[in-house]
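**Student:** Below are the structure tokens for one structure; questions will follow.
Only the coordinates and a few stated rules stand behind these numbers; no lab work does. Keep in mind it's a predicted model, so treat the numbers as computed, not measured. So basically every Cβ, Gly included, is an ideal-geometry build from the backbone, and we count neighbours across all protein chains shown.
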């Protein structure tokens, strides 16, 4: 008979830990706000993780684009250990050298401006919302236009900004001041602007809805439109940023062959920035950098010495090992192989899209193999890949995302490809 004492003992005593005991502990003590896969992960090294039963998995999920250097990277461990011996937290009532150094590194990678540090992508987007409200306050402008199928976080303002109805259910009434139009549709954006509009916010690559990429023409058109109407152009690069596409931010990759002088006015970032350690940030173009003056915005844990030490280390490793080029090279190879696979199995794979190491595989949702299950086709494919020893991430209804570490090797990429090929062949069966 299972008792509370047994559940607690199995949690505390390593000899009694099993997959079921961990699930029981979660069921009793953790808020059930996540639909979790039936895996209990215990440790990781590089691009591999091991579960509590000893099973090994190639991690092409990367903690949903977070683990930029994979798992248990020795330089991250060293940064955490050494900095924790010096100074972990002092609050932003004081200066700390590492925060200033990290801000400069980010500015150098984008353009002249300033950086605010926080703890997550949702918080970074909240900062952009406040920046826009502050910019438009004296004119009575407050409205931010975002796009359908976007995702901007789980705060109340974040879900109001998100262009997906499913995330809003049960949290009405929505925060006022947001409207949504079709993605990649410049005329729809133009038509939506009113006297209340102050900013446009988009993801240059929409991640949660299945890796949908903005066209170069769309980005250039948005910049021109914002200049004409005195609006802020804001980019959410939380998932697609930090060299994942082969450039620091995804809009830089999308526009790399256009040779144009292009800048947004604000950019949110998080995820890969800390490689697994919580840190978020937003960059603000220099002309708007003083809008958030003392007392207008804050974050207790934003930009701690410990978080900044980790983020600086990650930037050092990426630069030294040229991981932006690795993301591009490995990503191009993966894309070519996966697109060939889609060509060979068009009844299974409808499309493959992405840049670098942010790739979406869109499956045919009406496959007979998917019938009779409540779980989405994307979730079913992810579970099949678990059995093949690979972690991936579902998106939308029938898209599977690959978001691996930036230092993924060619051999590991080929290992992942073989598993994906096996699953596609099974579904074609």
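**Student:** Evaluate E = 1/(1 + (r/R0)^6) for residue 261 and residue 104, where r is the Cβ-Cβ distance and R0 equals 30 Å; express this FRET efficiency to the nearest 0.05.
**Tutor:** With a Förster radius of 30 Å, E is 0.85.
**Student:** Given only helices, namely DSSP H runs of n ≥ 4 each adding -39500 (n - 2.57), what is the per-residue ellipticity at 222 nm of the chain, to the nearest 500 deg cm²/dmol?
**Tutor:** Working: 14 runs with 166 residues, N = 429.
Calculated from helices alone, the mean residue ellipticity at 222 nm is -12000 deg cm²/dmol.
**Student:** Could you put 91, 33, 120, 196 in order, starting from the residue whose Cβ has the fewest other Cβ atoms within 10 Å?
**Tutor:** Placing the least packed residue first, the sequence is 33, 91, 196, 120.
**Student:** Can you put 254, 144 in order, fewest other beta carbons within 10 Å first?
**Tutor:** Result, fewest neighbours first: 254, 144.
**Student:** How high is the relative contact order of the chain, in percent, counting Cα pairs under 8 Å that sit 6 or more residues apart?
**Tutor:** The value is 20 percent.
**Student:** Still on this structure, I have one more. To the nearest 0.05, how large is the calculated FRET efficiency for residue 187 and residue 155 if R₀ is 35 Å and r is the Cβ-Cβ distance? Provide the component values of the computation, followed by the final result.
**Tutor:** Numbers: r = 30 Å, r/R0 = 0.87.
Rounded to the nearest 0.05, the efficiency is 0.70.
**Student:** For the stretch 281-335, go through all pairs of different Cα atoms, get the mean of 1/r, take its inverse, and jot down that Kirkwood value in Å.
**Tutor:** 14.4
**Student:** A follow-up question, please. Can you compute the label reach from residue 228? Point 7 Å from Cα along the Cβ direction, backbone N cut-off under 18 Å, restricted to the stretch 251-288.
**Tutor:** Label zone hits: 263.
**Student:** Once you place label points 7 Å from the Cα toward the Cβ at residue 78 and residue 414, how far apart are they in nm?
**Tutor:** 3.0
**Student:** Then there's this: At what distance in nm do the modelled label points of residue 171 and residue 18 sit from each other, each positioned 7 Å from its Cα along Cα→Cβ?
**Tutor:** Modelled inter-label distance: 3.8 nm.
**Student:** Post the alpha-carbon centroid distance, the stretch 178-219 to the stretch 16-68, in whole angstrom.
**Tutor:** 35
**Student:** What does a probe at residue 286 reach in the stretch 107-133, counting residues whose amide N is under 12 Å from the point 7 Å along Cα→Cβ?
**Tutor:** Under 12 Å, as judged by backbone N against the label point of residue 286, lie 108, 111-114 of the stretch 107-133.
**Student:** Could you sort the peptides 396-406, 149-159 by per-residue average Cβ neighbour count (10 Å cutoff), highest mean leading?
**Tutor:** Put in order of decreasing packing, that is 396-406, 149-159.
**Student:** Grab the Cα-Cα distance for residue 296 and residue 319, subtract it from 0.36 nm times how many residues apart they are, and report the gain in nm with one decimal.
**Tutor:** 4.8 nm
**Student:** Give me the log10 of I(q) over I(0) for the chain at q = 0.11, 0.12 Å⁻¹, as the Debye formula computes it from C-alpha points; what are the numbers?
**Tutor:** Here the Debye-derived log intensity ratios amount to -0.90, -1.07.
**Student:** Please report, in Å, the Rg and the Dmax of the stretch 74-320, where both are computed over Cα atoms only.
**Tutor:** 17.7, 56
**Student:** Any idea how far apart residue 428 and residue 51 come out in nm if each label point goes 7 Å out from Cα toward Cβ?
**Tutor:** 2.7
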